Amino acid sequence: MGNQELHDELVTLLFAGHETTATAVSWALYWVHKQPEIREKLLSELDRLGELPEPTNIFKLPYLTAVCNETLRIYPVAYITTPREVKQPVELMGYQLEPGTRVYGCIYLTHQREDLYPNPKEFKPERFLERQYTPYEFFPFGGGARRCIGEALAMFEMKLVLATILANYQLELAENQLIKPQRRGVTIGPAGGVKMVLKGRQQN
Ligand code: HEM
């Protein structure tokens, strides 16, 4: 690789790979501590794996997966897909689109649809245990040939980081207020960050 290519690869990893996943983990820590019953359920699920669980077994945990999915549903870090450009005239849901038109999938609005996600403003991981969503209904990583290349890594990282923090430390939200999402360029994250207090090590 030349210097320019190396530079571009590193910037992509930092922006597309680090910022996104770190923001998703921050949101997950926020929701899990906002609703202590969710934290308890996660801890008992983790506990059933015994001491020093295999990372691949952590990855497969159903409730942990549901919590990560619900985190990416309610405030998808990337709220729109990258644009697709129309090459030939096409009709899409009654709209006639001409060549050159740019089309963006709005992940946020889809994830807020009341018919798909009743009470969409409520953080409820159980919806992902009760129902299987299609790639047109739930797509935090976009879709098709240009979907996120880092999806598997991001989900793996998110689950392992969350499980490791919860299993080892007792944390509390520093403030009890609702944290609102804030747009940062093409991503959305918690306005002002998620401030937490470390209360000690997790017992057992
Ligand atoms: C929670 C974490 C992440 C989220 C929510 C996320 C979300 C997305 C979304 C929505 C897209 C656009 C896909 C489309 O238009 O269909 C995308 C593209 C992309 N993501 Fe991620 N991403 C995450 C983590 C990562 C990681 C860890 C990496 C790399 C290690 C990464 C690398 C990329 C790259 C290179 C693209 C452009 C793909 C292309 O245009 O072919 N992302 N991501």
Worksheet item: Hey, among the residues in the range 1-27 that are of a type in the set (A, V, I, L, M, F, W, C) and near the ligand (Cβ under 10 Å from one of its atoms), which one's nearest to Q177 (Cα to Cα)?
Response: W27
Fill in: Residue pairs meeting the criteria (Cβ under 8 Å; at least 6 apart or on separate chains; first β-branched (V, I, T), in the range 149-174; second modelled with pLDDT of 95 or more)
V161/V25; I165/L29; I165/L171
Discussion item. Looking only at the range 1-45, count every residue that is over 16 Å from R73 (Cβ atoms) and either charged (D, E, K, R) or touching a Lys or Arg at 6+ places or on another chain (Cβ under 8 Å) (or both) and tell me the total.
Written reply: 10
Worksheet item: What are the pairs, 6+ residues apart or on separate chains, where a residue within the range 1-20 that is surrounded by 11 or more Cβ atoms within 10 Å (Cβ to Cβ) and at pLDDT below 90 has its Cβ under 6 Å from a residue that is hydroxyl-bearing (S, T, Y) and not in a helix (DSSP H, G or I)?
Response: none
Fill in: Where G105 falls short, out of the listed (1) surrounded by 15 or more Cβ atoms within 10 Å (Cβ to Cβ); (2) within 15 Å of the chain's Cα centre (by Cα); (3) not basic (K, R)
(2)
Discussion item. Condition (residue is out of contact with any helix residue (DSSP H, G or I) (no Cβ under 9 Å at 6 or more places or on another chain) and either small (G, A, S) or part of a loop (DSSP other than H, G, I, E, B) (or both)) applied to the range 4-13: is it met by at least one residue?
Written reply: no
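Quick check on my filter: what residues within the range 152-190 are out of contact with any strand residue (DSSP E or B) (no Cβ under 9 Å at 6 or more places or on another chain) and more than 25 Å from E122 (Cβ to Cβ)?
Once the filter is applied, which keeps residues that are out of contact with any strand residue (DSSP E or B) (no Cβ under 9 Å at 6 or more places or on another chain) and more than 25 Å from E122 (Cβ to Cβ), the range 152-190 yields A152, L153, F156, E157, L160, T164, A167, G185.
The values are calculated or read from the model by the stated rules, or taken from the named source; none is laboratory data. Remember, predicted model here, so these are calculated numbers, not experimental data. Backbone-built Cβ (ideal geometry, glycine too); neighbour counts: all protein chains shown.
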